[in-house]
1. Only one of Glu35, Glu73, Glu12 is away from ligand 2 (no atom under 16 Å from the Cβ), of a type in the set (Asp, Glu) and either within 29 Å of Arg329 (Cα to Cα) or in contact (Cβ under 8 Å) with a residue 12 or more places away in the chain (or both); which?
2. Against the condition more than 16 Å from ligand 2 (Cβ to nearest atom) and in contact (Cβ under 8 Å) with a residue 40 or more places away in the chain, how does Thr183 come out, does it pass?
3. Determine if segment 333-342 includes at least one residue that is modelled with pLDDT of 95 or more, buried (at least 17 other Cβ atoms within 10 Å of the Cβ) and under 16 Å from Gly198 (Cα atoms).
4. Return the total of residues in segment 99-154 being part of a loop (DSSP other than H, G, I, E, B), among the small types (Gly, Ala, Ser) and touching a residue at least 60 places away in the same chain (Cβ under 8 Å).
5. Sort through Asn27, Asn10, Asn43 and tell me the only one that's surrounded by 15 or more Cβ atoms within 10 Å (Cβ to Cβ) and on the phi > 0 side of the Ramachandran plot.
6. What tally of residues in segment 195-218 results from selecting those that are under 17 Å from Asn328 (Cα atoms), in a helix (DSSP H, G or I) and free of Cβ contacts under 8 Å to residues at least 40 places away in the same chain?
7. Could you list, in sequence order, all residues of segment 99-110 that are within 20 Å of the chain's Cα centre (by Cα) and either surrounded by fewer than 24 Cβ atoms within 10 Å (Cβ to Cβ) or more than 29 Å from Val4 (Cβ to Cβ) (or both)?
8. Looking at (1) away from ligand 1 (no atom under 14 Å from the Cβ); (2) under 17 Å from the mean Cα position of the chain (by Cα), which is the one condition that is false for Gly165?
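The values are calculated or read from the model by the stated rules, or taken from the named source; none is laboratory data. In this text the structure is predicted, and so the values were computed from the model without any measurement. All Cβ positions, even for glycine, are placed from backbone atoms using ideal geometry, and neighbour counts span all protein chains on display.
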Amino acid sequence: HWVVDKSVGNLEASPQIQEAAGFIKQNKVVAFPTETVYGLGGNAESDEAIDLIFQAKGRPSDNPLIVHIAEKEQLCRYVRSVSSQADKLIEAFWPGPLTIVLEHNGELSEKVTAGLPTVAVRMPDHPVASAIIKASGLPVAAPSANRSGRPSPTTAAHVTDDLHGLIAGVVDGGPTGVGVESTVVDCTNDEIVILRPGGITKEDLEKVAGPVTTDPALVEEDQAPVSPGMKYTHYAPHAPLILVDGDRRFFAEKAEEARREGKKVGVLITDEYEGVPADKEIRLGPAGDLPAVARRLYDSLRAFNQNEVDVIFAQVFPETELGGAIMNRLRKAAGGKIISQKE
Ligand code: TXA
Ligand code: MG
């Protein structure tokens, strides 16, 4: 466990970063913060390192990893070509929470891409992540540093809870800023397709690149997803989570009904719903502050595991701006369970 102050200059030369990068060079794996969530990083050119990542996470090996770089120029070493649309997105959003899928040129470990003809690449906007990538001198494959199926880690403590004893170490750079993962876009054709909503919103993308489409698998349950990670259950706390789409009174009724059945009820709500009946209340902040909701989301989902609740009722959000990513994660945590006032 290395603690670093992300605000100091020349991080790359610091002993903690050098040591962490040294492990990556030896094909071992270390966790570190990015602006979205903590990642579990390993040498993207090494089958051995990639095996260690999949093992530590307990992740199905048909689900490919994101390759992290520290300078834009690194991209062309791993892909066949960069489309003009991809180029626009890179200029606008890198470094930042946008992952771009392009055809690869075979230079990386096949295990990173799970045998697909494409690779997902991103350049994180976090001083610790870029210092580690630069100090290793390697492309760094890094999925979120959680056990597969658990909420992604937004603090070093979350990483330790899930992966202690399974990895070489964790660089603690404090809590992450965005709180949900990067947006994944397919740029292998002229059209830009969102495979996973995340820190860069559809509205942000459209301002720069014109109309973008969304992978139908994100909205229609029975379609095969293009992004392999989207087909697994994710982010789930131990107790079943149910989305409640309705006003405060409707929400309170549902919580009260469950309590009358003798259940211990957890509620995941915004400040506007404060005081609804509950045995454990976790608040995400004001409904109007979607960045704050995103930042707190995973820590809140994890926090329910410290309390014995039998069921969790969660509020829904409008699907504009960051609400798209928030609702995508909440729906996955709920496994599709939703109670709606309109029915
Ligand atoms: O914010 C993030 O993106 C974090 C931080 C650590 O950078 N990383 C992350 O990685 O969320 P991971 O492995 O948990 O999620 C990667 C997503 C998965 O949904 C995966 O299926 C998709 O990207 N993906 C990776 N390679 C792909 C490819 N070649 N084609 C389509 N989807 C791909
Ligand atoms: Mg993940």
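1. Matching residue, one of Glu35, Glu73, Glu12: Glu12.
2. No.
3. Scanning segment 333-342, I find no residue that is modelled with pLDDT of 95 or more, buried (at least 17 other Cβ atoms within 10 Å of the Cβ) and under 16 Å from Gly198 (Cα atoms), so the answer is no.
4. Within segment 99-154, residues that are part of a loop (DSSP other than H, G, I, E, B), among the small types (Gly, Ala, Ser) and touching a residue at least 60 places away in the same chain (Cβ under 8 Å) number 8.
5. The unique qualifying residue is Asn27.
6. 2
7. Val101, Leu102
8. (2)
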